[in-house]
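Taken together, the values in this text are just the output of simple stated rules run on the coordinates, not laboratory data. Computed from a predicted structure; not experimentally measured. Note that each Cβ is placed from the backbone with ideal geometry, even for glycine, and that neighbours are counted across all protein chains shown.
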Amino acid sequence: MTQRRYLLAESEIPTHWYNVMADVGPPPPPLHPGTGEPVGPDMLAPLFPMALIGQEMSPERWHAIPDVVRDIYSMWRPTPLHRALGLEAALGTDCRIFYKYEGGSPAGSHKPNTAVAQAYYNQQEGVTRIATETGAGQWGSALSFACARFGIEVKVYMVRVSYDTKPYRRAMMEAWGGSVVGSPSRDTNAGRAILVRDPHSTGSLGIAISEAVEDAATRDDTKYALGSVLNHVLMHQTVIGQEAQKQMAMAEAYPDVVVGCVGGGSNFAGIAFPFIAEKAAGKEIRIVAAEPSSCPSLTRGHYGYDFGDTAQMTPLLAMHTLGHGFIPAPIHAGGLRYHGMAPLVSKLVNDGLVEAVAYAQNDCFASGVRFAKAEGIIPAPEANHAIRAVEAEVEAARAAGESRTILFNLCGHGHLELGAYQQYLNGELVDSELPQSDLDAAAAAIAGMPAIA
Ligand SMILES: *Cc1c(COP(=O)(O)O)cnc(C)c1O
């Protein structure tokens, strides 16, 4: 019998987070939008605890994971590595497919890996309240879970379209003690300004970020937390790839290709960055990032400086962007509806270390349903993009007469997105073609931004 799951003992939870900047260099620095100068630690201090600002800018390769954080990780870590024997059979391939499953965390995704770390450092520095945004609700629920461990209050600005269509995510956040409002909301200047222009705005992550940043910047007891994009967030996720490296060794396998889906880039970074270290050291391995064709920042966006949010409150980030005014179609992979991409992931794509692909949501759900039938687990709609990319690898391997070893991150389960599966199965999901004119209009908004040196 071929082994199906590779499990590690609790004692093998990684002791350090891996900082890829030590091996590939930092991305271009964030800039102050007014002066065009790099943003220093003091400018970020109203928003983040100093420990996280330090990690954001650190050149050190390894950062020790505090014992309290490792202890909370042990509620669901180490996570299993699965050999996808069922999917291999269903696809009729001799490729070996492995996946790391992050859906066993309390919130059902990879997000608690960073939420717990961020809540810990905030508590250490005396913060009693955190404001944040959430797309599909995964980040808001992960942060609510994490803050409940540390007695910190949470206010979540939830993108309106998800707030209306995903009531159970909201219940989850509230069960853990979070308070949730639909964004754009009437609770902030940023939200009110949008509602004046568009009372029926479906919202976007960019708008919700503006609201949460404003909340944190205007209250002494409150800081802000981001569930993706920033360097320290990506670093916290590297526990995924480090565990996977050990588990692949247990399986006596090494990936030819590592695949993850990308919204802001954090779960992808989690599985891929520890392998980027090996690629940077000369190992032959391909790394593939899969995004939705309706929000194609890496494959059709512009690599330059842009705001992280719609209301232009954040520093300028060097990233692949569709423009801070871009509002993606309300597709079901809510976690992938962000106009930009992590500066580190953008840099790696620009440097040619990471390949990017894009797929439409109906194709991705087809892959997700195939996976569910073959493997049992019903994937998060975001993860279906990674599965679609894995199937493309299998097709490419077949065409080339090769057998490849493929590793991907199954970043979450889809139990709270079954409404989306229902729509897909009823044939009701629409693929929104994204006309070039929409992209051109969004790009015009960032025409005057500083170029990347
Ligand atoms: C939030 C989320 C994503 C998108 O965020 P990344 O930072 O790109 O990982 C993808 N999948 C799931 C399950 C999520 O919760």
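Tabulated values for the structure
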{"quantity": "For segment 230-279 and segment 19-68, distance of Cα centres in Å", "calculated": "20 Å"}
{"quantity": "Alpha carbon centroid spacing (whole Å) that separates segment 397-453 from segment 339-367", "calculated": "8 Å"}
{"quantity": "For Arg4, net neighbour charge (Lys/Arg +1, Asp/Glu -1) across residues whose Cβ lies under 13 Å away", "calculated": "+1"}
{"quantity": "Proximal charge balance of Arg192 [Cβ under 11 Å; K/R count +1, D/E count -1]", "calculated": "-1"}
{"quantity": "Other-chain or far-sequence residues with amide H under 5 Å of Val257's (modelled H)", "calculated": "Arg286, Thr405, Leu407"}
{"quantity": "Rounded to 10°, Cα long-axis angle of helix 361-375 versus longest principal axis of the chain", "calculated": "50 degrees"}
{"quantity": "Built amide H within the under 5 Å cut-off of Tyr359, gap 5+", "calculated": "Glu291, Ser293"}
{"quantity": "Within segment 120-205, trypsin sites (Lys or Arg not before Pro) in DSSP loop having at most 16 other beta-carbon neighbours inside 10 Å", "calculated": "Arg186"}
{"quantity": "Gain on full stretching of the segment that runs from Ala217 to Ala22 - 0.36 nm per residue minus C-alpha separation", "calculated": "67.1 nm"}
{"quantity": "Relative contact order computed over segment 139-225 (Cα-Cα under 8 Å; 6+ residues apart), in percent", "calculated": "28 percent"}
{"quantity": "Percent antiparallel among DSSP beta bridges (both partners in the chain, rounded to 5)", "calculated": "35 percent"}
{"quantity": "Label-point gap, in nm, between Ala451 and Thr128 - each point 7 angstrom along Cα→Cβ", "calculated": "5.1 nm"}
